[in-house]
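Okay, so here's the structure we're looking at.
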């Protein structure tokens, strides 16, 4: 679990007393209807939204025995960490269905028993997250925050922007999302640099670097897009040394996990002008965001919604329903952990 931030923070929730908007509930709506058609299934269904000890994870917990008191739980989208006390008390827990690709914050919890099956949602995020990356680059290049400020102030302000055509983008983390993002960037006239833990030729990339070559890889980048999974090896891997190596006028876009970036070092690089700006969809201590970032005019912030689209929601519902049907039929789950 992340340690508390020492700097002032603010939630990205709509209001101080409101629950974070949850697409998880939308994903589970058809699941709830299916569960309620059977009394045996209904006993499993419950929702965790808030309380003194909320269930902090976009995941579904399933117990195999109808007689057990374990439940399926739907909870807010943020933050992406499972509360360990839930696993410690779930003596009959057999299965956890993550509603995203990432399983950090679930499989690394001390109370997760070895026999508990974990499944994730693989194959939905390539299009939405790659589009979010393109949107982020365009927003930064066109200084969209400046236009929005002028709109709020009812001012007619004109200023020059920049093209992303001819620029170099580095994609850190070469998986399904990166393989969809690279051709989109290429179509917009960009040079594509890949950074990966396992070097391999990938279509659409102009150059490839190993993760141990990160400092060298970032030197010529205009945009650094982070897609790498959060692991002990990638914790704070984008740190002060990486920001110092990046050329003046470059940008960071984080669509991975907040812990991949040393947030304090990034704030310092932004304040000192070493970075021209950033687009951040994830944070170290979600949904708490450092006050320094909230105040910055050259930063675009989003509440961990890079993959949150209607299409993904529908696809996740269908995949989860297929898993539930297989589970209650005693069949192998069609979406094992990938």
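Model label sites at residue 235 and residue 84, defined 7 Å from Cα along the beta-carbon direction, differ in position by 1.2 nm. Note on residue 138 and residue 291: the model spin-label points, each 7 Å out from Cα along the C-beta direction, lie 3.5 nm apart. Take every pair of alpha-carbon atoms less than 8 Å apart whose residues are at least six positions apart; their mean separation over the length of region 126-301 yields a relative contact order of 20 percent. Annotation: the antiparallel percentage among DSSP beta bridges lying fully within region 126-301 is about 5. In this simple spin-label approximation, residue 151 and residue 245 carry label points 7 Å from Cα along the Cα→Cβ vector, and these lie 3.8 nm apart. Multiplying each eigenvalue of the alpha-carbon gyration tensor of region 126-301 by 5 and taking the square root yields semi-axes of 25, 19, 14 Å, largest first, rounded to whole angstroms.
Any read-out appearing in this document is the output of simple, stated calculations on the displayed coordinates, not a laboratory observation. The structure displayed is predicted, hence computed values, not measured ones. Cβ sites come from the backbone with ideal geometry, for glycine too, and all protein chains shown count toward neighbours.
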